[in-house]
1. Could you pull out the pairs from D:Lys140/D:Lys178; A:Lys253/B:Lys7; A:Lys141/B:Lys14; D:Lys140/D:Lys181 whose alpha carbons sit more than 22 Å apart here?
2. Every other copy gets compared here: list the nm distances from the B:Lys141 label point (7 Å along Cα to Cβ) to its counterparts, shortest first, one decimal.
3. Let me know the charge dipole size of the protein assembly as shown about its Cα centre in debye, to the nearest 20, where only the beta-carbon of Lys, Arg (+1) and Asp, Glu (-1) is charged.
4. For the range A:113-259, just the Cα set please: Rg and Dmax, both in angstrom.
5. Considering the range B:1-140, what Rg and Dmax in Å follow from its alpha-carbon atoms?
6. Could you give, in nm with one decimal, how far C:Leu257 is from each other copy of that position, shortest first, with labels 7 Å out from Cα toward Cβ?
7. Rg/Rh for the range C:64-135 to two decimals, with Rh computed the Kirkwood way over all alpha-carbon pairs.
8. If you count, for every residue in B:219-232, the Cβ atoms of partner chains within 10 Å of its Cβ, what is the mean?
There are 4 protein chains.
Amino acid sequence: MNDTTWKTGITQIKPNEVRLRGYRIDELMGNITFSQAIFLALNGELPDSNVSRLLDAILVSSIDHGATPPSALAARTAASTGAQLNAAVAAGVLSINKYHGGAIFDCMGVIQEGLQRVAESEKSISRVAAEMVSEFKAIKKRIAGIGHRIHTNDPRTVKLFSLAEELGVAGDGVAMLKALKQAIADTGKDLPINVDGAIAALLIDLDMPHELANAFFIMARVPGLVAHVVEEQTTQRPMRRIHPTHHGYDGPKARSLED
Amino acid sequence: MNDTTWKTGITQIKPNEVRLRGYRIDELMGNITFSQAIFLALNGELPDSNVSRLLDAILVSSIDHGATPPSALAARTAASTGAQLNAAVAAGVLSINKYHGGAIFDCMGVIQEGLQRVAESEKSISRVAAEMVSEFKAIKKRIAGIGHRIHTNDPRTVKLFSLAEELGVAGDGVAMLKALKQAIADTGKDLPINVDGAIAALLIDLDMPHELANAFFIMARVPGLVAHVVEEQTTQRPMRRIHPTHHGYDGPKARSLED
Amino acid sequence: MNDTTWKTGITQIKPNEVRLRGYRIDELMGNITFSQAIFLALNGELPDSNVSRLLDAILVSSIDHGATPPSALAARTAASTGAQLNAAVAAGVLSINKYHGGAIFDCMGVIQEGLQRVAESEKSISRVAAEMVSEFKAIKKRIAGIGHRIHTNDPRTVKLFSLAEELGVAGDGVAMLKALKQAIADTGKDLPINVDGAIAALLIDLDMPHELANAFFIMARVPGLVAHVVEEQTTQRPMRRIHPTHHGYDGPKARSLED
Amino acid sequence: MNDTTWKTGITQIKPNEVRLRGYRIDELMGNITFSQAIFLALNGELPDSNVSRLLDAILVSSIDHGATPPSALAARTAASTGAQLNAAVAAGVLSINKYHGGAIFDCMGVIQEGLQRVAESEKSISRVAAEMVSEFKAIKKRIAGIGHRIHTNDPRTVKLFSLAEELGVAGDGVAMLKALKQAIADTGKDLPINVDGAIAALLIDLDMPHELANAFFIMARVPGLVAHVVEEQTTQRPMRRIHPTHHGYDGPKARSLED
């Protein structure tokens, strides 16, 4: 009964009129970027220009990470059997979970916990960070968002944090995560903040709800998955064995926007 | 054997260096938009500023179309059972096919066929369009990209075409589709070009390969699906019956960027 | 390095020889049923004939529950857009979660907790059941596996339990769940054990590991999802609005195996 | 309007009564096997005992083919990232397509085409087979269902065909496929009929509709995928690199039902 009349606050459709969160979609088109529309769709309000630029940087940072991540391999595996584009992309999206992309969610939780302890005590951020690091050490757990298989200094993190500073967006989230990294360094381990961690800190400073954590990784990675599926289906033979790491790069040579 | 060494041309990963199609990702971050990165990932080259603006408009146009489309309903249905975000989004993506989003692919095929006939004959675009419309009529088939369930004048099409004109991107693809619409009107039926048709025409004028047709719809719609999944899980009770059409809008009031 | 040599204990493939858990597949074919092969694949050993018959009953019990459950609706929604069979089935499988099918997992947990309390104390099953029911009541939570939207006496439960008795498979799992139902009845609420609860109790009496809980629901339901996808694509028009409850039955008339 | 009242002929639900294709599900439970219920769900009628035994053999034959097939690799890849069981199984199902499992559909088409030519001409099955083989050769295409990467004499095919003879189910479908294999042999190539081909021939002799071709492969393989997902999550570490072929078998030793 009541089941059949329900409310949604995302989009309103009338004949010849489509409104996203109140704005006519044809007014938005040409006036805002896709990133701004994403923020509007998820958050209900348009971001200002600083937040917009940071959002673009976040989404660009995670658009692809080569053919080795499980999401790319699952999408290529499905594509290799003749799956349609959407089905192969879906197989990739199904491989974005706790251990791949999920660090954003987990790291947001750690940062929130830290900031809450700061708020509820008279302790400093660095004091709380040191406590948490020793607690994690005691239960032999890693802190999500810190450490990387390949990168000792994740270039995406460096850029996200410098941009966030420049744009005035960096706040307690970034401070907390940097303090955690420092507290780990103080125990003798020099681990980088990885891109998932950096995104987690920024999502907190952007007041994004925790349940959207992985959404940004998923949205950012879908175009990368599309690129892998199309490359697999246009350049490789069906049903080949896809080795997860023995592959090389044959794309455009190293170049710069300044060229 | 050869199976274990293969090539990919999308992304190159080295310690502390990630390059997308040759560009350092940390150089791209802060300097290009997500739409531009999408174009780079799929096409291998950066778009110019006119193409970038049109791409944003295309992606914004398709970010959501309310709770009625099958992709939103499938995503909400999965979400309602307690699916994780990525799994619910995947269920939505699996519902983007020939009859939902697929009109972009089909319409690109019709336009390409028309332009090929023009190229191979001395006939005009409008002449070829008239021929094709009568051929479709003879086999009682609709031309994909023309006609809409709700909109008699799809506002997204109007805006995409005016932007494409303004930006100098509109070409033979747009001309061919407009000619087909006109040829249908000449038979007495006034049908609008829908947003899928408009995107198809623009993808042709942007020289996008046919196999990427539905990729744009999928990439654009994923953030909309995320919004539906989050709304379902945060505002509705689990396992409710989701009526496909008896729903109302309770989001922000109608407003304008000028407000 | 070690990553590239790993072990699997399910199937061994040699030229002209396929062995499932040690048995030649061509020896199994013709000699065992599909249910027995499922048990062998998951458990590593063949079930005896009593367990086999119960397994068939469990799988038959959950093969379909009409067009209303979310898994059927999601599969039909995807199918309606032109999805391929496997993609539409996958959309259905993605809608089997905590609130749909997940009661098997949750109920197994409750029963295990109860049996552990019995083992660790000198209390009787009914005493522990009464304690647990009042604990659940105190935190206003329902016990998974008890209660049903439609059935006041789930016919599938009745049959599963009578078969399990007859075959000598019913044990402490069934006893614990019946005690919980009774303890609820003693508080004045007469709720049936539903089919998910009955399966949970039997999986415990069959010593199935907890992580396989939902596997049985998924495996049982896939053929039902196939039937819905095929019916949708062969009898309905594409992109129709699929009402979740306003549908009727037009299949074979009520009949009996004795006819 | 009419959209909201629609018909389904699979299952009828009333309070305390669930009927599958007209039969009370609690009457079916204990009296029929899962395979028989699958046939009933898909076909609308119960199979006789010979057909039932063949169905079991078909489903058992395809329950698993080790860790190398793309469906197992995709399911394990998703599982390795922490996907829930249903999502990992869905990723596997999404990898069952034209080049993996799809041979059943394609081979059914070839056999049907052959039998139609026989019916419409006065030619023998072997004559038509020879014609088709030379036609395929002329366009350099392989006939689906004949040939295998590993097996020179697929043991599953041998058993399916001998069972089908014994049970009196083998008919023109089997004869046509055997004639095609012979016609290929006559050109000097000794290729085996693989299990997909054997299933295709039997589905034709069982009068199964073409659109159900891949359904049998999907239904049969789901339990195998479950076994791989559970094995991956219980014996391997998350996010390992999964090599597609460098793996060994460490399950039960070779054994026989006669032991």
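1. With Cα atoms farther than 22 Å apart: A:Lys141/B:Lys14.
2. 1.9, 5.7, 5.8
3. 0 debye
4. Just the Cα atoms of the range A:113-259 yield Rg and Dmax of 19.2, 62 Å.
5. 21.2, 61
6. 2.2, 6.8, 7.1
7. Checking Rg against Rh, the ratio lands at 1.30.
8. Taking all residues of B:219-232 together, the mean is 6.
FYI, it's all coordinate maths here, none of it is from the lab. What you are looking at is a predicted structure, and each value in this text was computed from that prediction instead of being measured. Ideal geometry is used to build each Cβ from the backbone, glycine not excepted, and the neighbour counts take in all protein chains shown.
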